[in-house]
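No value in this document is a laboratory result; all are computed from the given coordinates. In this text the structure is predicted, and so the values were computed from the model without any measurement. As a convention, Cβ positions derive from the backbone with ideal geometry for all residues, glycine included, and neighbour counts pool all protein chains shown.
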Amino acid sequence: MIDLNLLSSFNIKEAYNILKPLILFIIGMVVYSVFIFKFYRFIARKEIFKLNLQKYSEKGFGWFKKVLRIIFYIIEYILLFPVFTFFWFIIFSILLSFLTREQTMQNILLVSIALISTIRIAAYYNEELSKDLAKMLPFALLGILLVDISYFSFSTSLAVIKQITSFWSIMSYYLIFAIILEFVLRISYGISPFKQEESKKK
């Protein structure tokens, strides 16, 4: 039997006020988790960009195919890679600014680029390891939020993030380093447009 007294005491406005923060919290966690899931799997791949170069160079003479491969290779790792690296750099810096209480922006940028570089190196060794590294920081932030939301000082974190515009020169050096590192890794592992062509033929 349904308790009529319980139903009579039910207040829609009160239920809305109680459940609204819960629903918003769940939506926020779902959106954040999906974003991190897509984000860490992308940065942790050895082959970041899955442009099918073979598809764009099926026809033509041998030298023309090689030229096309070089062009797409340049698009991927000279044009697109710096953009995505900068994006990862900013994301990790923001996450670290929320995790740290007394770190300077310069230290946060240093740790961010070190983490990105470590993830990229690990991707060429073992992609599972790089995935674990890539998701460690974002999910650590989520874990701390669930356990102790008072840990975060949003005003302090935002004040630190606002300082990022003062460190463009440092960020540019870090970005150049990450690009050179990626090229060194690809050359070390023999990944080039010509190598890709030979492997596909085999």
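As an equivalent ellipsoid, segment 127-170 spans semi-axes of 24, 20, 4 angstrom, where each value is the square root of five times an eigenvalue of the C-alpha gyration tensor, largest first. Expressed in units of 2.2 N^0.38 Å, where N is the residue count, the Cα radius of gyration of segment 89-187 is 1.16.
Cβ crowding within 10 Å ranks Trp88, Trp168 as Trp168, Trp88, fewest other Cβ atoms first.
Put simply, when 131-142, 31-42 are sorted by average Cβ atoms within 10 angstrom per residue, most first, you get 131-142, 31-42. Ranked by how many other Cβ atoms sit within 10 Å of their own Cβ, fewest first, the residues Glu76, Glu102, Glu128 fall in the order Glu102, Glu128, Glu76. Pairs exceeding 22 Å between alpha-carbon atoms, taken from Lys38/Lys135; Lys46/Lys131; Lys20/Lys162: Lys20/Lys162. For Ala44, no residue 5 or more places off, or on another chain, has a built amide H under 5 Å of its own.
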